[in-house]
Amino acid sequence: MDLLTKAVRGTQDILPRDSYKRRFVEDIMLKEASLYGFKEIRTPVFEHTELFDRGVGDGTDIVQKEMYTFNDRGGRSLTLKPEGTVSAARAMLEHGLFNDALPIKLTYITPCYRYEKPQAGRYREFYQFGVEMFGAGAPAADAEIICLAKTLFDRLGISNLTLEINSIGCPVCRKNYQAALKKYFYERKDNLCKTCVDRLERNPMRIVDCKNPECQSVAQNAPDIIDFLCDDCRAHFDAVQRYLDNSKIEYKINPKIVRGLDYYTKTVFEFVSQADSQRSLVCGGGGRYDGLIEEIGGPSMPAVGFGVGVERLLLLMESQKVNIPEPKPCDLFIAAIGKEAGFKAFELAKKLRKASVYAELDVAERGLKAQLKYASKINARFCLVLGESELASGQAEVKNMTTGEKFNLGLNDEVFVQDWLKNFAQ
Ligand code: ATP
Ligand code: MG
């Protein structure tokens, strides 16, 4: 084959042999979220660039450097969503959802786009599942989100995940912390990577997050935000832990989890795969972001959420050999010899589908042998052959494709579907 072109680097075609696995995962996620009252929201694939590119100076996020941004034909700068949270927040504000009962609970599965170096579990187009809760500032909201995330992993059959939590305080407690951090890192400036030296003044919290091993070893002994929490943030964090303890949700406090952006507040959490010696962030995480809504022009409104990459979940499930049920095979293939039998097969198949039976027939005018070969390729459970004599007698033989057993089935309109459902339905 001389293909005109191929799929864009970093994108994936989800083929039928895999798509059902995603459907399985997505159904479980949306169903679980609905048990907590989260309703699905769908937002456009692209947004005005300023929604994501708000960062000036301190606010520059790594994600903003990875964005797919382009001018449309009208000269507007648009960006393909790099994540789901901000779009959900924008839509919530734009449509005044906050005028309804609070909190507003939204969930979504959305494609995301980031210009990154493609590798296992890292793509340029990937899917994020997310839940966002707006308008609830109490610790119970954080605990609900964590509990939901934990239950999701359990329901998906994923094991060996550690929940790590931390509190990164509020702008009040963070002031003192940042001053202490700056002092600490300035004294060890020579051991930091160039990016982190740049971050020193603007945003020292990002240094704690740096993936460079040398920066990581310097950050190991850096002051922890948790020791700088104000009374309010401390009480909030204690209460979140109490909810988790009471519900027997195991967690570890990891004081090194930080988020470098100003709008993040209080609780942060991550689910980490124990099998992963590099301690990479497997599935995702979440936390509170009480400052975001105001940042994008809304009222002051607390918010907390959780996000997880669907592909990483699937990779993890594969490595843990989680069983995903395969789609049901074809119930009945109706083979036909000759034109008249072809018309009858069409009619019978239509009737079966009306009764929600998965039926197929030949639509390529192939000979009987080729039709039967197709039936066995699609793993049809049963096969029925229609020829002149079957049409004349109104009776046909149904063959169980696994055991070879044969049964008689009346083709008469009244009995055909009923007999099928009674004798052969699974
Ligand atoms: P990483 O540290 O792996 O780059 P991140 O901090 O950029 O992740 P978030 O922005 O928090 O990730 O996105 C939430 C989740 O989305 C991640 O935990 C991960 O599961 C998934 N994710 C992020 N980037 C990608 C990508 N390029 N391809 C596939 N999944 C991704
Ligand atoms: Mg990233």
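Specify the residue that is nearest to ligand 2 (Cβ to nearest atom); the eligible residues are those in the range 303-317 that are small (G, A, S) and under 22 Å from G291 (Cβ atoms). Per the criteria, the residue is G307.
Would you please name the residue that is farthest from ligand 1 (Cβ to nearest atom), looking only at residues in the range 55-80 that are closer than 27 Å to D198 by Cα and modelled with pLDDT of 80 or more? Outline the logic, then answer.
To start, the set of residues in the range 55-80 that are closer than 27 Å to D198 by Cα comprises 55-69, 79.
In the following step, the residues that additionally are modelled with pLDDT of 80 or more were identified as 65-69, 79.
Values: K65: 11, E66: 8, M67: 12, Y68: 12, T69: 16, T79: 15 Å.
Among those residues, the one meeting the criterion is T69.
Is one or more of the residues making up the range 351-372 at pLDDT 95 or above, of a type in the set (V, I, T) and in contact with a strand residue (DSSP E or B) (Cβ under 6 Å, 6 or more places away or on another chain)? No, that holds for no residue. I'd like the residue in the range 386-406 that is aliphatic (A, V, I, L, M) and in contact with an Asp or Glu (Cβ under 7 Å, 6 or more places away or on another chain) and, out of all such residues, is farthest from F343 (Cα to Cα). If we take residues in the range 386-406 being aliphatic (A, V, I, L, M) and in contact with an Asp or Glu (Cβ under 7 Å, 6 or more places away or on another chain), then A396 is farthest from F343 (Cα to Cα).
Considering the range 57-174, the qualifying strands (runs of 3 or more DSSP E), each wholly inside and each with 2 or more residues that are surrounded by fewer than 16 Cβ atoms within 10 Å (Cβ to Cβ), run over 69-71. If you filter the range 22-46 down to residues that are among the charged types (D, E, K, R) and out of contact with any helix residue (DSSP H, G or I) (no Cβ under 6 Å at 6 or more places or on another chain), you find that the one that is nearest to G84 (Cα to Cα) is R42.
Looking at this structure, is E125 in contact with a strand residue (DSSP E or B) (Cβ under 7 Å, 6 or more places away or on another chain), within 16 Å of ligand 2 (Cβ to nearest atom) and either at pLDDT below 95 or among the aliphatic types (A, V, I, L, M) (or both)?
Against the criterion (in contact with a strand residue (DSSP E or B) (Cβ under 7 Å, 6 or more places away or on another chain), within 16 Å of ligand 2 (Cβ to nearest atom) and either at pLDDT below 95 or among the aliphatic types (A, V, I, L, M) (or both)), E125 does not qualify.
Residue-wise test of (1) under 25 Å from V272 (Cα atoms); (2) within 16 Å of ligand 1 (Cβ to nearest atom); (3) modelled with pLDDT of 90 or more.
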residue	(1), (2), (3)
T162	yes, yes, yes
S167	yes, no, yes
V172	no, no, yes
A180	no, no, yes
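Conditions (1) open to solvent by 30 Å² or more (accessible area, probe 1.4 Å); (2) farther than 29 Å from R54 by Cβ; (3) part of a strand (DSSP E or B); (4) not hydrophobic (A, V, I, L, M, F, W, C), marked per residue:
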{"site": "D198", "(1), (2), (3), (4)": "yes, no, no, yes"}
{"site": "K211", "(1), (2), (3), (4)": "yes, no, no, yes"}
{"site": "V218", "(1), (2), (3), (4)": "no, yes, no, no"}
{"site": "D232", "(1), (2), (3), (4)": "yes, no, no, yes"}
{"site": "D245", "(1), (2), (3), (4)": "yes, yes, no, yes"}
{"site": "V258", "(1), (2), (3), (4)": "no, no, no, no"}
{"site": "Y263", "(1), (2), (3), (4)": "no, no, no, yes"}
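The values are calculated or read from the model by the stated rules, or taken from the named source; none is laboratory data. On a predicted model such as this, the values are computed, not experimentally measured, just so you know. Reconstructed Cβ throughout: ideal geometry from the backbone, glycine too, with neighbour counts over all protein chains shown. The area values use the complete protein model at the heavy-atom level, side chains included, leaving out ligands, DNA and RNA. Shrake-Rupley method; radii C 1.70, N 1.55, O 1.52, S 1.80 Å.
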